[in-house]
Amino acid sequence: MATPLTGQQIIDRFELYTDDTTDLSSDEEIILANDKLRLIYMEQPWEFLRRKKSGSVESDGKITPPTDFDELMENYSEDPTVGEPITKVVYVGRSPFLVVPMGQRNANNYSNVCWIDPTDGKINFAQNPGTGAAYEFDYKTSPDDITVATSPKLPPEYHPMIVFSMLIDEEIIKKSEKARSSMQDNAVQYQRYLKNLKLRDARFKLI
């Protein structure tokens, strides 16, 4: 099993590939690493970022998402023969409440719907499901930035893709002939990792 890379180890590899000729400071390198890491997190709703949230409906009849919440994830299918969930729902008790865009909250013929209201950031319901009722939903987490001592929330074997992504920007910054010649190679390496990561993620959905 691959060993996770810390932020410092990612920087060390980045500097190894640049032969210590980068114009970036250590602080700028960790900022660049986090910029690239966030782009990977945002690429799609990754299974490795899936989390379950459970609790009780609050006194106002709403649900406050967790602090690391990014978006709700599919967790329901009406057809039991479908292996992959295709619908986002919030379970209250045993009942699934369909998640809809806020603008469609009044366009449904049934009351078991909910949505995220951007004004309060909470999950709202067409009808109060009952204060204290147990709920559960799946969501994509938004991980904290890495530091020199912490590691990305990517599967460890894919941590090197951050380095290749950083190198692409470094070559753009340098604008040298040598940098331009290696930019395509680093982009290819990054895309290989990304493609493989997507295949890995798809296999998890079929388990």
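Quick note: the coordinates plus some simple rules give every number you see, no bench work behind them. Bear in mind the structure is a predicted one, so any value in this text is a computation, not a measurement. For neighbour counting, all protein chains shown are included, and Cβ atoms are generated from backbone atoms with ideal geometry for every residue, glycine included.
Taking amide H as placed 1.01 Å from N in the peptide plane, PHE69 has its amide H under 5 Å from the amide H of SER142, each at least 5 places away in sequence or on another chain.
Grab the beta carbon distance between PHE204 and GLN127, set R0 = 45 Å, and tell me the FRET efficiency rounded to 0.05.
Approximately 0.80, to the nearest 0.05.
Based on C-alpha pairs under 8 angstrom that are at least 6 apart in sequence, the chain has a relative contact order of 31 percent.
A dipole drawn for the chain from +1 and -1 charges on Cβ atoms has a positive end, and of THR147, PHE125, THR18 the residue lying farthest that way is PHE125. Rounded to the nearest 0.05, the FRET efficiency derived from the C-beta distance between THR150 and ASN106 at R0 = 45 Å is 0.50. Compared with the alpha-carbon gap, the fully stretched path from SER59 to ASP117 is longer by 19.2 nm at 0.36 nm per residue. Modelled label positions at ARG192 and ASP12, each set 7 Å beyond Cα in the direction of Cβ, lie 2.3 nm from each other.
Between GLU84 and GLN44, what is 0.36 nm times their sequence separation minus the Cα-Cα distance? Round to one decimal in nm.
Details: separation 40, 0.36 × 40 = 14.40 nm, distance 1.57 nm.
Contour length minus Cα-Cα distance gives 12.8 nm.
With 19 Å as the limit, the listed pairs LYS140/LYS198; LYS53/LYS140; LYS153/LYS195; LYS52/LYS88; LYS62/LYS153; LYS53/LYS198 have LYS62/LYS153; LYS53/LYS198 beyond it between alpha carbons. Calculated from the structure at hand, Rg and Dmax of the Cα atoms in Å is found among (i) 18.2, 61; (ii) 16.0, 54; (iii) 21.3, 65 as (iii).
The angle between the Cα long axis of helix 177-205 and the longest principal axis of the Cα atoms of the chain comes to about 30 degrees, rounded to the nearest 10.
Think of the chain as a dipole: +1 on every Lys or Arg Cβ, -1 on every Asp or Glu Cβ, centred on the Cα centre; then among ASN186, PHE137, VAL113, VAL113 lies furthest on the positive end.
As a proxy for reagent exposure, GLU84, GLU74 were ordered by neighbouring Cβ count within 10 angstrom, fewest first; the result is GLU84, GLU74. Applying 1/(1 + (r/R0)^6) with R0 = 35 Å to the Cβ-Cβ distance of THR67 and SER182, what FRET efficiency is obtained, to the nearest 0.05? After rounding, the FRET efficiency stands at 0.30.
Apply the a/c threshold of 1.5 to the C-alpha gyration tensor of the range 49-141 and tell me whether it is rounded, prolate or oblate. All intermediate terms of the calculation are to be shown ahead of the outcome.
Values: a/c = 1.39, a/b = 1.16, b/c = 1.20.
Rounded.
Taking other C-beta atoms within 10 Å as the exposure proxy, THR119, THR131, THR141 rank THR119, THR131, THR141 from fewest upward.
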